[in-house]
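Before any comments, here is the structure.
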Amino acid sequence: QECWVLVHLYQTYAEECGLMGAALDTLAAKFKALKIVKIKSTAAVENFPDKNLPALFMYHEGSMQHQLVTLNSVGGRAMRPVDLEWHLSTLHVLSTHLETKPPPPTFKLQNANTGRRVERRSGELAGDDDAEEPEYGDDDLEEYANGA
């Protein structure tokens, strides 16, 4: 009961779920005290919406303490394990050696018309905005399962 339990709801066809799964595998190897459970979203909660995947529910001492719904707050599709590690450390789910938020990765792009090379951070790319994430309460998973 003293350890953190992370419940990852996923679907195999969702690319973002694969990113979350790989990051969790990395963190599981690094932080042995974390207990991580991966469950297909529709096996855990009937009618759980794909638009809310991946979902990560964080439990401590028997109750849900935090949730992460989609990758928007951890870098979107550019998320790396270190980004998830930092986020979980800010929630006090784990203790890390990181002292500051990791800088986003940079991508080198070349303009097809001019040949000019440009360096961009992942947050500047389309699709990595900080869209509003839904919030779930302790009883919401049960409501989804009952068709609400």
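Being surrounded by fewer than 19 Cβ atoms within 10 Å (Cβ to Cβ), at negative phi and over 17 Å from the mean Cα position of the chain (by Cα) narrows it down to one of S95, S73, S89, so name that one.
Result of the check over S95, S73, S89: S95.
Among the listed residues V74, V45, identify the single one that is β-branched (V, I, T) and in contact (Cβ under 8 Å) with a residue 60 or more places away in the chain.
Criteria check complete, one pass: V45.
Need pairs with beta-carbon distance below 6 Å; first residue modelled with pLDDT of 95 or more and within region 1-14, second among the small types (G, A, S) and not in a strand (DSSP E or B); sequence gap 6+ or separate chains.
Filtered contacts from region 1-14: L9/S41; L9/A44; Q11/S41.
Please go through region 31-63 and pick out each residue that is open to solvent by less than 30 Å² (accessible area, probe 1.4 Å) and assigned to a strand (DSSP E or B).
Those that are open to solvent by less than 30 Å² (accessible area, probe 1.4 Å) and assigned to a strand (DSSP E or B): A55, L56, F57, M58.
The values are calculated or read from the model by the stated rules, or taken from the named source; none is laboratory data. Everything numeric here is computed off the predicted structure, so don't read it as measured data. Note: ideal-geometry Cβ built from the backbone for every residue, glycine included; neighbour counts use all protein chains shown. Calculation scope for accessible area: heavy atoms of the full protein, side chains included, ligands and nucleic acids excluded. Shrake-Rupley method; radii C 1.70, N 1.55, O 1.52, S 1.80 Å.
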